[in-house]
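Written out below as structure tokens is the structure these notes cover.
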Ligand code: ATP
């Protein structure tokens with residue numbers, strides 16, 4: 001194998017709001033796999049999900065507050081600036097143009113997202129642009145047949161492959177998820193209950209000051 005490439009990983013989501021589940025996942029992936037960069041990528045208006053009820057600016061501000069004092073994680077705002085729906089393939093095309101072919105790009109997703117991949121816009125292009133790092137929980141089930149199973153059979157690779165090639169591999173990584181969700185946080189706040197210890201204090205203060213998620 002030739003020289004290692006610079007490795008950039010992306011962790012996308014609505015982050016409405018960002019919480020410790022997201023932050024630990026991103027940090028653990030970066031440390032365990034040794035990525036040079038781990039970028040959190042808030043989506044503008046997810047094409048396959050309902051539009052979040054909080055402005056893109058507020059979600060960006062909360063992420064920026066959460067990442068204060070954490071140089072290991074950075075914020076990539078490119079999807080927020082884009083008009084219209086967010087397609088991962090467009091983001092990866094743009095990044096590839098910007099970074100060239102001598103950088104390894106990894107897009108991180110949960111196994112549930114991988115199973116739904118054939119529903120994504122121009123999904124077959126994705127492995128040409130980036131590697132996929134798929135996070136599974138202990139006891140996860142791999143698909144046995146269908147398009148995703150075929151993709152896995154063709155592309156499954158190791159972290160060494162990811163360091164040596166710009167795109168095209170799928171790495172499966174088992175990791176425990178903290179039992180926190182943004183939906184549960186929004187629901188707690190909406191019912192006037194406390195969301196303390198589920199997300200950074202600075203983010204919680206922002207939510208209080210801006211009266212977010214109040215029903
Ligand atoms: P919602 O409850 O609104 O669906 P969420 O908490 O699941 O939100 P998203 O912003 O939709 O968060 O997800 C961003 C990414 O974080 C996704 O890849 C998702 O799988 C992952 N994720 C969500 N919750 C956790 C968690 N507790 N631990 C690790 N990763 C998580």
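The values are calculated or read from the model by the stated rules, or taken from the named source; none is laboratory data. Everything numeric here is computed off the predicted structure, so don't read it as measured data. Counting neighbours? That spans all protein chains shown, and the Cβs are built from the backbone with ideal geometry, glycine included.
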### Task
Examine region 117-128 for a residue that is in contact (Cβ under 8 Å) with a residue 40 or more places away in the chain, under 14 Å from the mean Cα position of the chain (by Cα) and farther than 19 Å from residue 5 by Cα, and state whether such a residue exists.
no
### Message
Just to verify a result, which residue in region 1-33, among those that are part of a loop (DSSP other than H, G, I, E, B) and within 9 Å of the ligand (Cβ to nearest atom), is surrounded by the fewest Cβ atoms within 10 Å (Cβ to Cβ)?
### Response
14
### Message
Residue pairs, Cβ under 6 Å, 6 or more apart or interchain, first in region 133-144 and surrounded by 14 or more Cβ atoms within 10 Å (Cβ to Cβ), second at pLDDT 75 or above and not in a strand (DSSP E or B). List them.
### Response
134/111; 134/114; 135/175; 136/111; 143/149
### Query
In region 1-13, what count of residues is obtained for those that are under 28 Å from residue 183 (Cβ atoms) and either in contact with a strand residue (DSSP E or B) (Cβ under 6 Å, 6 or more places away or on another chain) or free of Cβ contacts under 8 Å to residues at least 24 places away in the same chain (or both)?
4
### Query
Of these, 122, 163, 173, 156, which one is touching a strand residue (DSSP E or B) at 6+ places or on another chain (Cβ under 7 Å) and farther than 15 Å from residue 9 by Cα?
156
### Query
How about region 54-113: which helices (runs of 4 or more DSSP H) wholly inside it have at least 1 residues that are under 15 Å from residue 131 (Cβ atoms) and at pLDDT 95 or above?
88-99
### Task
Could you grab me the full set of residues in region 145-196 that are part of a helix (DSSP H, G or I), within 16 Å of the ligand (Cβ to nearest atom) and touching a residue at least 24 places away in the same chain (Cβ under 8 Å)?
182, 185, 186, 189, 190
